[in-house]
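Heads up, the thing below is written out as structure tokens.
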Amino acid sequence: MSYVIKLFFALILFSSLDLVAEEESNYKNSEKPYKKSELKSGSYFSREETRAIELDEFENPGMIWVERGSELFNIQMGNNNIACSNCHNQNNNSLIGVATTYPKIYENKLINLEQKINICLDNNMNVEPYLLESNNLLSLSSFITYISKGLPMNVSIEAEAQKYFNRGKEIYFERVGQMNLACNQCHDNLAGSYLRAEKISQGHINGFPSYLMRWENIASVHRRFQFCNNQARA
């Protein structure tokens, strides 16, 4: 299981678990509970004009990928000549809440939503799986995630998933790279402070895939993890 998948699993749980806040602000290791006095979405830390763009679906550039994903969802593909919508009918709301349950265990492995999409394409539709970070894959992922917009995260850490959560938690508090930084140093201790011109968020990832204005493109949470690791020179 890759480093970023485990980290993704931990962060998505930190966004949803109801843990008790702790007064102490200096978190030195993963044995201490996650600091959560008040959860704030990433948009809370954005500039007012950025939030306005996000809320306006006509102006929000990320909606281009959502709309493309909706089109792909209804296109018949592959030798089986079926569409995603043949199994997941939008009218019966079969996909509402699905995105909030990932990552999850599938056939004894931890997978994210993008991996599950590729599994369905390969196994059920006889379609060549999409490349990671490709427009088609992120479009489908964006559309499926958009269907669950506003719903709380609902990731399970029962049974086999527990070990991945524990490892992800260790990674979250682990200092890495030449900068000797851990995720919690920014997203716990310094949330609300500025790193150059950017306000540091609490690091919740419920909004991904997300259009990042600095990149002028849609990005998965794993690409965001990689960016942070690069900044830490890990």
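The values are calculated or read from the model by the stated rules, or taken from the named source; none is laboratory data. Computed from a prediction, not measured in an experiment: that's the story for all the values here. Reconstructed Cβ throughout: ideal geometry from the backbone, glycine too, with neighbour counts over all protein chains shown.
Tabulated results
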| quantity | calculated |
| --- | --- |
| Test: residue in region 100-108 that is modelled with pLDDT of 90 or more and basic (Lys, Arg) | yes |
| Cβ-Cβ under 9 Å pairs, at least 6 apart or on other chains, region 181-205 side without any contact (Cβ under 8 Å) to a residue 60 or more places away in the chain and at negative phi, far side surrounded by 12 or more Cβ atoms within 10 Å (Cβ to Cβ) and among the polar types (S, T, N, Q) | LEU181/GLN231; CYS186/SER201; HIS187/SER201; HIS187/GLN202 |
| Among the residues listed as ALA219, ALA234, ALA197, the single one being surrounded by 15 or more Cβ atoms within 10 Å (Cβ to Cβ) and either out of contact with any Leu (no Cβ under 6 Å at 6 or more places or on another chain) or among the aromatic types (Phe, Trp, Tyr) (or both) | ALA234 |
| Test set (1) within 30 Å of VAL98 (Cβ to Cβ); (2) of a type in the set (Val, Ile, Thr); (3) touching a strand residue (DSSP E or B) at 6+ places or on another chain (Cβ under 8 Å) - ILE171 fails condition number | (3) |
| Criterion: under 18 Å from the mean Cα position of the chain (by Cα), surrounded by fewer than 19 Cβ atoms within 10 Å (Cβ to Cβ), closer than 30 Å to GLU59 by Cα and not small (Gly, Ala, Ser) - qualifying residue of ASN229, ASN136, ASN206 | ASN136 |
| Residue check for VAL176: more than 26 Å from LEU151 (Cβ to Cβ), at pLDDT 90 or above and of a type in the set (Val, Ile, Thr) | yes |
